[in-house]
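**Q** Have a look at this one.
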Amino acid sequence: MEKRKLNFLEIWNMSFGFLGIQMGFALQNANASRILQIFGADVHELSWFWIIAPLMGLIVQPIIGHYSDKTWGRFGRRKPYFLVGAILASIGLVLMPQADIFIAFLPALWVGAGFLMIMDASFNIAMEPFRALVGDNLRTDQRTLGFSVQTALIGFGAVIGSWLPYALTNWFGISNETSAGIVPVNLIWSFIIGAIILILSILVTVSTTNEYSPEELEIFEDEQGHREAIQKDISTEKSSLFDIFDDFKKMPTTMRQLSWVQFFSWFGLFGMWVFSVPAIAQHIYGLPYTDSKSIAYQNAGDWVGILFGIYNLVSAFYAFALPYIAQKIGRKKTHAISLIIGGIGLLSIYIMPDKNWLILSMIGVGIAWASILAMPYAILAGSISPKKMGVYMGIFNFFIVIPQIINALIGGPLVKYAYNNEAIFALMISGISFLIAAALVYIVKDVDDVVQTV
């Protein structure tokens with residue numbers, strides 16, 4: 001018995017919810033720093049507020065992965081989790097930019113940080129089961145396509161989310177001005193629209209996608225002898241939450257090797273997300289680091305949203321090319337080359353003469369981003385037992401959130417004391433991190449490639 005080969009529309013619908021998740025995530029990435037600065041945060045404090053996001057991932061994703069592996073009911077195995085996550089994330093999206101309405105109870109800055117925590121925890125609840133769902137439902141020969149389609153939808157969603165504030169202001173005349181700690185109206189409406197689209201896109205996946213039962217997945221595993229060899233030391237009878245720690249110790253070799261690639265990739269991404277607005281406002285627009293409320297700063301923030309949309313748009317189209325490139329030169333080489341291009345893109349920001357040239361830099365970042373979202377997961381899925389797909393996808397998230405936590409702790413002090421408040425150097429470190437990740441790809445063993453050549 002073999003998993004059914006899915007057609008393109010089925011694969012598309014299976015990951016469609018990621019469109020809304022990433023739209024909300026893009027709104028957060030491009031605008032959370034600006035919103036926190038409006039509420040009173042200094043530039044060197046931003047990374048400390050952002051530490052909430054990876055901490056939520058560190059705690060939430062392995063737990064959700066563990067329980068989604070054990071869940072089976074009338075609504076399925078993974079679907080209940082990303083539906084609940086979407087509802088909670090939507091609440092965070094609506095309320096974070098309007099945190100000032102709670103100032104009778106707490107300062108708006110702390111309320112905003114709290115809703116950032118709720119929002120990111122909820123994104124994590126929704127995202128991890130989507131990763132596991134691709135591993136559950138697709139055959140080995142379709143997984144690269146499955147994660148690439150997921151990456152494309154992530155890209156399209158992020159483009160909409162990143163461009164929405166700029167579009168509302170420049171196309172529909174909604175104000176982007178701020179005063180006295182009040183978030184601009186264009187941001188408030190962007191987050192509300194993002195919440196609505198998030199719920200609707202998740203419902204598309206829930207209503208169109210079927211899942212294999214645990215019994216069916218066990219049959220698939222038993223009939224793939226190489227899976228037993230890969231995972232022979234992992235028991236499938238355990239059910240305690242504390243077994244996550246045992247699973248961590250017994251993670252496959254491929255996963256350990258990929259962990260270093262992920263570490264430097266996501267260390268670089270976090271620095272880019274946190275410091276792009278102040279870096280570009282200072283380095284390209286010529287604004288002082290103390291300026292976070294002028295109309296010029298808001299224009300810089302809107303332009304960063306456009307740039308983030310561009311790199312996500314590039315990633316969406318590049319994602320469709322990834323399966324064909326990987327088929328020709330291998331997944332490892334595809335990922336390494338993509339990371340090198342992204343690293344060069346980030347480093348080039350320093351020498352760009354004006355804001356329009358930054359589009360070229362973002363093309364490189366988009367190529368790396370597409371590969372980061374697809375290739376490691378396609379490589380990883382081949383080394384994991386289907387019965388452990390959820391928990392190991394959650395544990396794999398450790399190597400995404402730990403580098404972000406480290407960057408969050410040291411990024412702000414580095415900007416203040418080592419870079420003399422010039423945030424552009426945080427982006428330079430991000431570019432170097434991408435290049436280190438590219439070098440580390442070559443130590444990874446792609447199990448699926450080995451199996452297919454036997």
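Each value in this text was obtained by applying a stated rule to the coordinates, not by laboratory testing. Note that the structure is a prediction, hence the values are computed from the model and not measured. Glycine also receives a Cβ, built like all others from the backbone with ideal geometry; neighbour counts cover every protein chain displayed.
**Q** May I ask you to give the average projected area over all directions of the convex hull of the Cα atoms of the stretch 69-192, in nm² rounded to one decimal? Walk me through the numbers on the way to the answer.
**A** Working: hull surface 40.1 nm².
One quarter of the hull surface, i.e. the mean projection, equals 10.0 nm².
**Q** Okay, moving on. Using the Karplus curve 6.51 cos²θ - 1.76 cosθ + 1.60 with θ = phi - 60°, what ³J(HN,Hα) values do you get for each residue of the stretch 75-88, in whole Hz, with x for Gly and Pro?
**A** Using θ = phi - 60°, the values come out as 9, x, 9, 9, 4, x, 6, 6, 6, 4, x, 5, 5, 5 Hz.
**Q** Distance cut-off 31 Å, Cα to Cα: go down the list Lys79/Lys328; Lys3/Lys333; Lys416/Lys445; Lys3/Lys79 and report the pairs above it. Don't skip to the end; give the middle numbers.
**A** Numbers: Lys79/Lys328 34 Å; Lys3/Lys333 28 Å; Lys416/Lys445 40 Å; Lys3/Lys79 19 Å.
Those over the limit are Lys79/Lys328; Lys416/Lys445.
**Q** What's the whole-number percent of alpha carbon pairs in the stretch 261-334 lying beyond 16 angstrom?
**A** Numbers: 1691 of 2701 pairs.
More than 16 Å apart: 63 percent of the Cα pairs in the stretch 261-334.
**Q** Sorting check: for 10-19, 188-197, which peptide has the highest mean count of neighbouring beta carbons within 10 Å, and how do the rest follow?
**A** Numbers: 10-19: 23.4, 188-197: 20.6.
Highest to lowest by the protection proxy: 10-19, 188-197.
**Q** In whole Å, what are the Cα extents of the stretch 72-131 along the three principal axes, biggest one first?
**A** Largest to smallest, the principal-axis extents are 44, 19, 13 Å.
**Q** Related question: Calculate log10 I(q)/I(0) of the stretch 94-167 for q = 0.15, 0.21, 0.26 Å⁻¹, where I(q) comes from the Debye formula with a single equal point scatterer on each Cα and nothing for solvent.
**A** These q points yield log10 I(q)/I(0) values of -0.71, -0.97, -1.11.
**Q** Work out the FRET efficiency for Glu10 and Ile295 from their Cβ-Cβ distance, taking R0 = 56 Å, and round it to the nearest 0.05. Please list the in-between numbers first.
**A** Numbers: r = 48 Å, r/R0 = 0.85.
The pair Glu10/Ile295 has a calculated efficiency of 0.75.
**Q** Average projected area of the Cα convex hull of the stretch 146-201, in nm²? Before the final figure, lay out the partial values.
**A** Numbers: hull surface 18.2 nm².
If you wrap the Cα atoms of the stretch 146-201 in a convex hull and average its projections, you get 4.6 nm².
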